Amino acid sequence: MAEQGTPETTGTTAIFGAGVMGETLLSGLLRAGRDKDRIVITEKRTDHAAKLREKYGVEVLDNPVAASRAEVLVLVVKPQDMEGLLAEIHDHVAPGNLVVSLAAGIPTAYLESRLPEGSSVVRVMPNTPALVDQGMAAISPGQHCTATHLAEAEALLASCGKVVQVPERYQDAVTAISGSGPAYIFYVVESMIEAGVLLGLPRATATELVVQTLYGAATMLRETGDHPTVLRERVSSPGGTTIAAIRQLEDHKVRAAFMTAMEAAAARSAALAAGLE
Ligand SMILES: NC(=O)c1ccc[n+]([C@@H]2O[C@H](COP(=O)([O-])OP(=O)(O)OC[C@H]3O[C@@H](n4cnc5c(N)ncnc54)[C@H](OP(=O)(O)O)[C@@H]3O)[C@@H](O)[C@H]2O)c1
């Protein structure tokens, strides 16, 4: 890797594909104080593009023009649209610029092989809490990525949450844990709300109890730094109510089910990537 440098580009950042994740990143960058004149977007749906121009005041360009203009190119199209996008921008990516991909399951080698020789690429696995600036993104450098470019990618993603750097071989596991993770948590929340309704609580009350409990527990985990086992043991008194419930979860192999589920997600992520070549 090359020398450390300034973490944030002073040039233009282009977001290719301003759908759910692209708009999330765009709004995060603006909230974090990035100048709207240094961000451009591209978007296939012209009506949606016009709405984004109106809402955020950013310029909307065609892919080749945006690729020529930008120092940092952020690719946020669906994996199946990536090949077409790379073909469109190939001849317009200047040497020394950074290409950041947020597409699930697309390896850096795939991107590098479809960009000019020596292109600096960073692969990112984001997640949807980025919408509320509480995202968790894992970033991995491609083979030509400099330390400066990796720091630039980190600064980009830090606008809507936390960022960790991981070797690319961990990206399937990351996809299974934090990429898909919000869905598992929503599933647990749904289950607890149903349990509240079963126990006779009005649905709105059950929902409020569960959502605030989740928020409180997550805040405790983050702020105390204590291990979850320690926190759980503190609310499991001998012969009490909590341990009676935990015993049922153990009997139903809920812990094993979580492990198997995430193994399946990682395997699916690897299979999707393998199907690309
Ligand atoms: N949403 C998530 O939770 C999440 C989480 C992790 C990673 N990601 C990754 O983020 C990427 C985008 O996902 P998303 O949920 O934001 O998808 P999305 O809402 O469908 O956004 C993609 C946008 O790009 C547009 N597009 C397609 N081809 C294009 C092209 N050649 N040039 C310009 N725009 C183009 C699409 O238009 P059309 O609809 O007309 O095709 C669409 O508006 C995916 O690769 C996904 O793996 C998303």
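Some points to look at:
- GNM flexibility winner over the chain from Met21, Met262, Met192 (Cα, springs under 10 Å): Met192
- Relative frequency of Cα-Cα separations exceeding 18 Å in the range 221-277, percent: 59 percent
- Of all DSSP beta bridges in the chain, antiparallel share, percent nearest 5: 15 percent
- In plain terms, the C-alpha convex hull of the range 108-164 casts an average shadow of 3.8 nm² when viewed from every direction.
- Dipole of the range 31-160 computed with +1 at Lys/Arg Cβ and -1 at Asp/Glu Cβ about the Cα centre; of Ile89, Ala66, Asn127, farthest Cα towards the positive end is Asn127.
- Degrees between helix 79-89 axis and first principal axis of the chain (Cα, 0 to 90, nearest 10): 20 degrees
- A Förster radius of 22 Å, combined with the Cβ-Cβ distance separating Thr46 from Val20, puts the computed FRET efficiency at roughly 0.80.
- Using a simple spin-label model with pseudo-atoms 7 Å out from Cα toward Cβ, Ala151 and Ala109 lie 3.0 nm apart.
- Equivalent ellipsoid, the range 74-184 (semi-axes from 5 times Cα gyration tensor eigenvalues, Å): 23, 15, 13
- Accessible surface, the chain, averaged per residue in Å² (probe 1.4 Å): 55 Å²
- Of Ser236, Ser68, Ser120, the one that fluctuates the most in a GNM where the chain has Cα springs shorter than 10 Å: Ser236
- Under a model in which nothing but the beta-carbon of Lys, Arg (+1) and Asp, Glu (-1) is charged, the range 214-277 shows a dipole of about 140 debye around its Cα centre.
- Whole-number Å³ per residue for the convex hull built on Cα positions in the range 118-277: 149 Å³
- Fraction of accessible area attributable to carbon and sulfur, the range 134-277 (%, probe 1.4 Å): 64 percent
- Here the dipole of the chain is about 700 debye; that uses its Cα centre as origin and unit charges on the Cβ of Lys and Arg (positive) and Asp and Glu (negative).
- The range 157-251, relative contact order [Cα under 8 Å, separation at least 6], %: 12 percent
- Over the chain, Cα pairs under 8 Å with separation of 6+ residues give a relative contact order of 17 percent.
- Just checking the listed ones, Leu61, Leu156, Leu209: in the Gaussian network model of the chain with Cα springs under 10 Å, the one fluctuating most is Leu209.
- As a ratio to 2.2 N^0.38 Å, the alpha-carbon radius of gyration for the chain is 1.15.
The values are calculated or read from the model by the stated rules, or taken from the named source; none is laboratory data. Since the structure is predicted, the reported quantities are computational estimates derived from the model, not experimental observations. Glycine gets a Cβ as well: all are built from the backbone with ideal geometry, and neighbour counts include every protein chain shown. To get the accessible areas, we keep the full protein, side chains included, count just its heavy atoms, and leave off ligands, DNA and RNA. Shrake-Rupley method; radii C 1.70, N 1.55, O 1.52, S 1.80 Å.
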